[in-house]
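Notes to accompany the following structure.
We did not get these values from a lab; they are worked out from the coordinates using the rules stated. Since the model is a prediction, treat every value here as computed from it, not as a measurement. No Cβ is skipped: glycine too gets one built from the backbone with ideal geometry, and neighbour counts run over all protein chains shown.
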Amino acid sequence: MPGVRVLPGAQTRKCAGFFFGKRVRAMSSNAASTNRDDECFMRIALAEARKAASRGEIPIGAVVVDPGGSIIGRGFNARETTSDPTGHAEMIALREAGRERGDWRLDECDLYVTLEPCPMCAGAVVNARIARVVYGISDPKAGAVGTLYDIPRDPRLNHRAEVVAGVLADESRELLQTFFRRLRSG
């Protein structure tokens with residue numbers, strides 16, 4: 001595959017002109033910068049959210065993408081299965097990205113998440129130095145990336161992140177609504 005290097009053990013699928021798997025490197029220097037790529041990475045976050053739903057967790061998924069277009073962190077909600085109050089998709093993806101990079105600083109990386117991050121996750125975005133937060137739907141009860149609070153763009157903090165809202169919002173909303181409908185019905 002010209003321009004794409006698939007790392008060992010990666011399961012790949014074509015998305016927006018690139019192949020993505022657990023560890024796939026797109027050789028384009030701006031792989032994560034276009035709307036089409038935002039949708040591609042959000043689809044991968046949605047796949048992570050479906051993993052959460054299959055385990056009885058609230059279906060929220062996240063991926064961290066480095067400046068070269070590699071997915072370096074993935075996560076889905078795991079609070080119930082791990083009994084961990086910090087088991088949010090974003091926290092899990094950020095931890096994995098830090099381990100993959102060998103550094104807590106995730107400068108120039110983007111976070112894609114299906115639901116607007118809460119205050120804890122938005123704080124982690126600032127602390128990790130994430131460049132962009134791209135999310136699917138707003139969270140009117142806990143959203144801290146523009147809805148209730150705007151932590152990543154607060155000028156009083158030492159780092160600010162760009163925020164892109166509404167990417168594949170309908171798909172994210174449907175996944176959450178279906179999960180809660182099923183939960184209430186039985």
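Here are a few things to note about the model shown:
- Compared with the alpha-carbon gap, the fully stretched path from Asn35 to Ser185 is longer by 50.3 nm at 0.36 nm per residue.
- Calculated from backbone phi, Karplus (6.51, -1.76, 1.60) coupling profile of the stretch 101-112 in Hz, x at Gly/Pro: 7, x, 7, 6, 7, 10, 3, 6, 8, 10, 10, 10
- With R₀ set to 45 Å, the beta-carbon distance separating Ala169 from Ser83 gives a calculated FRET efficiency near 0.90.
- Computed extension gain for Glu108 through Glu162, at 0.36 nm per residue and net of the alpha carbon distance, reaches 18.4 nm.
- Each peptide in 110-118, 39-47, 133-141 was scored by the mean count of other Cβ atoms within 10 Å over its residues; highest first, the order is 110-118, 39-47, 133-141.
- In this simple spin-label model, placing a label point 7 Å from the Cα along the Cα-to-Cβ direction at both Asn127 and Thr147 gives a separation of 2.2 nm.
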